[in-house]
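What follows is one structure encoded as structure tokens, with my remarks underneath.
Derivation of every value follows stated rules applied to the coordinates shown; laboratory data play no part. As the structure is a computational prediction, the values presented were derived from the model and not from experiment. Cβ: placed from backbone, ideal geometry, glycine included. Neighbour counts: every protein chain shown.
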Amino acid sequence: MNTYCDHCGAPVSEGDHGGCRAARAMEPPRYCGECRRRMVVQVTPTGWTARCAEHGTISS
């Protein structure tokens, strides 16, 4: 389970993240959900990859 919102970086327990969830339907994550670090994101025609320096890479 993520501690932080992967779209805005705020703690999941604080505030309403409905807008973030809606945006994530079309965009890759920008923040690591485990440590809140800004991730290196690469978007390609076939998908995306997001890399956290601490937790590794995720992709679509």
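The table that follows gives values for the structure above.
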{"quantity": "Selection count, segment 39-54, where residues are under 13 Å from D6 (Cα atoms) and out of contact with any strand residue (DSSP E or B) (no Cβ under 6 Å at 6 or more places or on another chain)", "calculated": "1"}
{"quantity": "Within the chain, strands (runs of 3 or more DSSP E) holding 1 or more residues that are among the basic types (K, R)", "calculated": "47-52"}
{"quantity": "Any chance T44 is among the polar types (S, T, N, Q) and surrounded by 12 or more Cβ atoms within 10 Å (Cβ to Cβ)", "calculated": "no"}
{"quantity": "In segment 18-35, the residues that are over 20 Å from S60 (Cβ atoms) and touching a residue at least 12 places away in the same chain (Cβ under 8 Å)", "calculated": "C35"}
